[in-house]
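Working notes, beginning with the structure itself.
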Amino acid sequence: MSLPVVLRPSARREYDDAVDYYQAQRVGLGDRFAARVNEVLTRVGRSPRMHTTVRGDVRNAVVAKFPYCVYYRELADRVEVISVFHTSRDPADW
């Protein structure tokens, strides 16, 4: 059974901004980025403990083919996405 995956408002903004950025770079690239992130979200909903813990109860999952990670935590009733994070940023930002 999968847990629902919920993005914090700040994570949703990061995700939306990245989709818009990639779409502006090349038509369809934003859609490919969105598909890769959705693959990660599906995977962490099914198996939230499969990725490495990076700080406390926060884990990260790499987005394939894009320089992004999804930082999240497993809660009793859902997976909470803290950040959709470009890997060139300082990790202290999230």
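The values are calculated or read from the model by the stated rules, or taken from the named source; none is laboratory data. All figures in this text were calculated on a predicted structure; none of them were measured in a lab. Counting neighbours? That spans all protein chains shown, and the Cβs are built from the backbone with ideal geometry, glycine included.
When we screen Gly45, Gly56 for residues that are over 18 Å from Thr87 (Cβ atoms) and over 14 Å from the mean Cα position of the chain (by Cα), the only hit is Gly56.
Would you point out the residue of segment 1-30, among those that are within 15 Å of the chain's Cα centre (by Cα) and of a type in the set (Asp, Glu), that is surrounded by the fewest Cβ atoms within 10 Å (Cβ to Cβ)? Top of the filtered list is Asp17.
Go through (1) at pLDDT 95 or above; (2) more than 23 Å from Pro91 (Cβ to Cβ) for Val6 and report which single condition fails. Failed condition: (2). Restricting Val6, Val27 to those that are out of contact with any Cys (no Cβ under 7 Å at 6 or more places or on another chain) and either part of a helix (DSSP H, G or I) or farther than 22 Å from Glu74 by Cα (or both) reduces the list to Val27. Residues in segment 76-92 that are of a type outside the set (D, E, K, R), touching a residue at least 60 places away in the same chain (Cβ under 8 Å) and surrounded by fewer than 17 Cβ atoms within 10 Å (Cβ to Cβ): His86 only.
Output the residues belonging to segment 46-60 that are in a helix (DSSP H, G or I) and surrounded by 18 or more Cβ atoms within 10 Å (Cβ to Cβ). Matches in segment 46-60: Pro48 only.
May I ask you to verify whether Arg32 is basic (Lys, Arg) and assigned to a helix (DSSP H, G or I)? Step through it out loud before you land on a result.
On the way: basic (Lys, Arg): yes; assigned to a helix (DSSP H, G or I): yes.
It is true that Arg32 is basic (Lys, Arg) and assigned to a helix (DSSP H, G or I).
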